[in-house]
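Accompanying notes for the structure given below.
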C-alpha cells in the first residue's frame, strides 16, 4: 500500500496543484505523529514539500518512510535556504537518500509563472548547486507546456553547465480529478514541439516515436486493443472490489485528517476520518465499487477531435482526460485548477 500524507504545505502555488494560491508551509503533522501513523499504516510518503517542514529532514526518518525512497522530490526552498547545507545533506545521506528530483517548468519567468512564486527557479538552481556540491545526484524533470518550449534548449544548456548531462523532458499526465484540468489548456501539440525543439533533442528523448504520443494515435492504439495496459496507471486497480494485499494501491491522508482511496481512474474516494479504527477504514476500502463502469468502454467519445494532435506520454493520460471531461459535463463543479499529480514522475 502506498500512503501519501499531507504533512506540510508548500511555498509554491502551482496552477495545477490543490494548494492553489495558499503558498503556505503550515505544518499539519509532526514527525512524532507521522511515526505513530506509520506504525499503523506502514511507510508513509510525506507531502507536499518535506523540505519546508520544521523537522526536516527528520520527517524522512526510516521509521516513517520506505527504505525504497532514495530520491526526494522537492521545490528546493528548504534546501536553498538551509543555514547548514552540509549538515543537512549528511543527515539526508544517513537516512538513505542519494538524490533530489526537481520539477522544472522553464527558465525564470515561465517556471515562476507556473508555480506562482517569484524567485522559485532561482531556489531550484541554488538547491541544485548545493546538492551537487554534496555529492547528491540531481534529476530535473522538465515538463513541457505551450509557453515554455522556447526555454527548453537554453534550459538544457544550463543543466549541462551546472551538472553535466541532460534534463529529463516529459509531459504532465492527466489524473481524473479537477486538479489537472488547467494543464490541458496549455498541453503542447506535436506540431508545436517539432517547431520549437530541435530534432536531435526530440530523438534523444523519444527516438522516432513522438508522433505515436498524440491523442489521435493513442485512440487508434485503443481501438486495436494491442496494449490495454498502456491505458491503465500501474496504481489503478485491475479488479473490483479490492482484495488484500493492497500492493500499489494508493491511500491519501489529508491535512484535515481525512482518509481517501485514490483509484486514479476517478477522483479520490472518501473512506472516513483518520481517528477511526484502521480495520474499519480497510473494510470500507474493500467494499468500494468500481467508479463509473459505464465509462469503461465509452470514454473515447468524450474527447474532442481538435485535440488529436496534443501529446501524452501514456495512454492512461488520454483515458483519464476523457473521464474528466465526462464528469465535467455532468457536474460544473468538476472544473478548474486544484490538485497535485502525486505520481507526477510517472
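With a 10 Å Cβ neighbour count serving as the proxy for reagent exposure, in which order, fewest first, do 29, 292 appear?
If I rank by nearby Cβ atoms, fewest first, I get 292, 29.
Just grab the label-to-label distance for residue 227 and residue 32, each label 7 Å out from Cα along the Cβ direction, in nm (one decimal).
Distance between the two pseudo-spin positions: 5.2 nm.
What value does the chain have for Rg/Rh, both radii from Cα atoms and Rh as Kirkwood defines it?
0.96
Considering only DSSP beta bridges whose two residues both sit in the chain, what percent are antiparallel, to the nearest 5?
DSSP beta bridges in the chain are roughly 40 percent antiparallel.
Would you mind ranking 316, 95 so that the residue whose beta carbon has the fewest other beta carbons within 10 Å leads the list?
95, 316
Between residue 201 and residue 294, what length comes free when the chain is fully extended (0.36 nm per residue of separation minus the Cα-Cα distance, one decimal in nm)?
Additional length available on full extension: 29.4 nm.
At 0.36 nm per residue, and after removing the present C-alpha to C-alpha distance, how many nm does the segment from residue 306 to residue 150 gain when stretched out fully?
53.8 nm
Considering only DSSP beta bridges where both residues belong to region 1-170, give the percentage that are antiparallel (nearest 5).
10 percent
Once the piece of chain linking residue 157 and residue 125 is laid out straight, how much longer is it, given 0.36 nm per residue of separation minus the C-alpha distance between them?
Result: 10.2 nm gained on full extension.
Taking 7 Å along the Cα-to-C-beta vector as the label spot, tell me the residue 279-residue 189 distance in nanometres, rounded to one decimal.
Once both label points are built, they end up 5.8 nm from each other.
When the Cα atoms of region 1-170 are enclosed in a convex hull and the volume is divided per residue, what value in Å³ results?
Here the figure is 112 Å³ per residue.
Determine the calculated [θ] at 222 nm for the chain from helices alone, applying -39500 (n - 2.57) to every DSSP H run no shorter than 4 residues and normalising by the residue count; nearest 500 deg cm²/dmol.
So the calculated ellipticity at 222 nm is -9500 deg cm²/dmol.
Of 42, 76, 87, which is the most mobile in a GNM of the chain whose springs link Cα atoms less than 10 angstrom apart?
87
With each pseudo-label sitting 7 Å past Cα toward Cβ, what's the residue 258-residue 220 distance in nm, one decimal?
4.3 nm
What whole number of Å gives the distance from the Cα centroid of region 299-320 to the Cα centroid of region 130-184?
22 Å
Could you compute how fast region 102-257 diffuses translationally, taking Rh as the Kirkwood radius over C-alpha pairs and applying Stokes-Einstein at 20 °C with viscosity 1.002 mPa s? Give it in µm² per second.
117 µm²/s
If packing is taken as the average count of other Cβ atoms within 10 Å, what order do 136-144, 221-229, 63-71, 242-250 fall into, highest mean first?
So the peptides 136-144, 221-229, 63-71, 242-250, ranked by packing, come out 136-144, 63-71, 242-250, 221-229.
What's the exposure ranking of 202, 5, 152, going from fewest to most Cβ atoms within 10 Å?
202, 152, 5
Values in this text are rule-based calculations from the coordinates and carry no lab data. Treat the numbers as computed from the prediction; the structure is a model and nothing was measured. Because the Cβ atoms are built from the backbone with ideal geometry, glycine has one as well, and the counts that use them run over all protein chains shown.
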